1. Toward the positive end of the charge dipole of region 48-136, about the Cα centre and with charges on Cβ (Lys, Arg +1; Asp, Glu -1), which of 114, 56, 136 goes farthest?
2. Which residues' amide hydrogens lie under 5 Å from the amide hydrogen of residue 11, considering only partners 5 or more residues apart or on another chain, with H built in the peptide plane?
3. May I have the convex hull volume per residue, in Å³, for the Cα set of the chain?
4. Relative contact order for the chain using alpha-carbon pairs under 8 Å, separation at least 6, rounded to a whole percent?
5. So for region 48-136, averaging the separation of alpha carbon pairs under 8 Å that are six or more residues apart and normalising by length, what relative contact order in percent results?
6. Compute, for region 48-136, the length of the dipole vector about the Cα centre, with Cβ point charges of +1 (Lys, Arg) and -1 (Asp, Glu) only. Units Debye, rounded to 20.
7. Normalise the Debye intensity by I(0) for region 48-136, one equal point scatterer per Cα, no solvent, then take log10 at q = 0.13, 0.14, 0.19, 0.26 Å⁻¹ and round to two decimals.
8. Taking the mean number of other Cβ atoms within 10 Å as a proxy for protection, how do you rank 15-26, 76-87, 179-190 from highest to lowest?
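FYI, it's all coordinate maths here, none of it is from the lab. Source: prediction; values computed, not measured. Don't worry about glycine lacking a Cβ; one is built from the backbone with ideal geometry, like all the others, and counts go over all protein chains shown.
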Amino acid sequence: MGHVAWVFLIAKDFGARPAYLFAIFHPERVLGVVTMGVPHIPPGPSTYHKYLPEGFYISRWQPGRAESDFGRFDAKTVVRNIYILFSKSEIPIAAENQEIMDLVDPSTPLPPWFTEENLAAYGALYEKSGFRTALQVPYRSFGEDLKLPDPTVKVPALLIMGVKDYVLKFPGIEDHVKSGKVKELVPDLEIIYLPEGTHFVHEQSPDEVNQLILSFLGKHV
């Protein structure tokens, strides 16, 4: 008796990679995949460090340096700085004598859609867990090459992308998405752009994103 497809996978940012990998390895169990902020890209070692300056945040967040950078602040301040940095449309890159956390002026306000109550809740969670897992996946696992025989996603998929998402500034990403090359890897892909959307579209526009996801689920149940 074969397996019955029974799950939708919904993922944000670095969750896109494991979601798409699950769909590749177990297509018979997946009804569809929804990702926000990150498209399906060919699996394999990351090459972004070859095209971006040494201060590129992913290069800086390898073992030791990130712990030292984050360790200067409490968890709430680290979360605050990350939301400020990554809701912008530019890739966070530090100068030679800076760390990533130094890129945020302490007087900079939070994005208007991220409240002090949100910050307190997230800060409390990271106070307990620390940032090790958040740094490991994906920043410290990009070098893994899974050697997939076929990286094609054979189930329906939806990509929700903010037009102001800094990820589109990564070398090759905007062309990969907007030229349609991504559909070579995900043939049954629908792409929806939110004009004012940043990297945090799900928190910035939760009602709109929820409706898009529900509509996708309704089409593929």
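1. 136
2. 34, 35, 36
3. In the chain, the Cα convex hull volume per residue is 140 Å³.
4. 27 percent
5. 37 percent
6. In debye, rounded to 20, region 48-136 gives about 280.
7. For the requested q values the scattering log ratios are -0.43, -0.50, -0.92, -1.49.
8. Going from most to least packed, we get 76-87, 15-26, 179-190.
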